[in-house]
Amino acid sequence: MKRCIFFLVLVCSFAQLLKAQNPDPLYVIDAYRKGFMLKNKDSVYYQQMFFKVFPSDFKTFSKYYGWDYQLNKGRPLTSTPSNYFKRVFNSKAYSRAEVIKKIIGISVNARRFNSASVSDGNGPAVGQFQEDSFKFALAHIDEFLKALQTRNQAEIVSVWAFYMDYPNGKYRKGDYEKVCNLIAPHSQAMIGLVTQGYKRDVAKWSKKH
């Protein structure tokens, strides 16, 4: 009997894990609506449920929020309201440390554009995530750097490259200088990694097509 109960618990736990890793898009939409759009006694619960299934890496994030190039159409959650990620990032239903961990996880090896072309972006949601997560990182730079420094150098460079991956060279340079000035009191070594990411974007967007 004990073995049967243990096996049942194990199966249920595995099912919950699979659901968290591969949530139904309708479940994600419903959890966001009930957690962030409707103000009621269960809002915090649904915010927590939403955050639990929110992606932790770019591959999964793109699966829900990116663009399907083969079908040339958006994926289930490509079209999101402009304040979508801001609401998720600033919720009090979970810790800021958890938010930063997810933001960094998604930003590692992420791409807003697959090549130096404004016609092959990953969709509006990826662009909105890029902008909002970059602003969130700068607004909480101490905590962000602490979490980012747990990653290897290649991953760190990829995060900064993602945040400056856009065609406007003037804005990119301005953001690069802003980041360096902000980080300077904290870590000179990090500035070197920011510079690598920045140079990667400069090289990418300088290519002629």
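The values are calculated or read from the model by the stated rules, or taken from the named source; none is laboratory data. As the structure is a computational prediction, the values presented were derived from the model and not from experiment. All Cβ positions, even for glycine, are placed from backbone atoms using ideal geometry, and neighbour counts span all protein chains on display. These accessible areas exclude ligands, DNA and RNA; they are computed on the full protein's heavy atoms, side chains included. Shrake-Rupley method; radii C 1.70, N 1.55, O 1.52, S 1.80 Å.
Computed quantities for the displayed model
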{"item": "Average accessible area per residue (Å²) across segment 51-99 - probe 1.4 Å, nucleic acids and ligands excluded", "result": "56 Å²"}
{"item": "Partner aspartates and glutamates for Lys86 [C-alpha distance under 16 Å; skip if fewer than 8 residues away on the same chain]", "result": "Glu98, Glu131, Asp132"}
{"item": "For segment 120-209: accessible area per residue (Å², 1.4 Å)", "result": "50 Å²"}
{"item": "Convex hull projection area averaged over all views, the chain, Cα basis, nm²", "result": "14.6 nm²"}
{"item": "Cα long-axis angle, helix 124-139 against the chain (0 to 90 degrees, to the nearest 10)", "result": "80 degrees"}
{"item": "Greater than 32 Å apart at Cα, pairs in Lys52/Lys207; Lys52/Lys73; Lys92/Lys207; Lys63/Lys92; Lys41/Lys178; Lys39/Lys178", "result": "Lys52/Lys207; Lys92/Lys207; Lys41/Lys178; Lys39/Lys178"}
{"item": "Residue-averaged [θ]222 nm for the chain, counting only DSSP H segments that reach four residues, each worth -39500 (n - 2.57)", "result": "-20000 deg cm²/dmol"}
{"item": "Angle in degrees between helix 169-183 and the longest Cα principal axis of the chain, rounded to the nearest 10", "result": "70 degrees"}
{"item": "Charge context of Asp132, other residues only, Cβ under 13 angstrom, K/R +1, D/E -1", "result": "+4"}
{"item": "Estimated FRET transfer efficiency when R0 is 35 angstrom, pair Lys63-Asn181 (beta carbons, to 0.05)", "result": "0.45"}
{"item": "Reachable lysines from Lys59, criterion Cα separation under 16 angstrom, eight or more residues apart if same chain", "result": "Lys101, Lys102"}
{"item": "All aspartates and glutamates inside 12 Å of Lys204 as judged from Cα atoms, apart from same-chain residues fewer than 8 positions distant", "result": "Asp165"}
{"item": "Net charge dipole size for segment 89-209 [Lys, Arg +1 and Asp, Glu -1 on Cβ; Debye, nearest 20]", "result": "240 debye"}
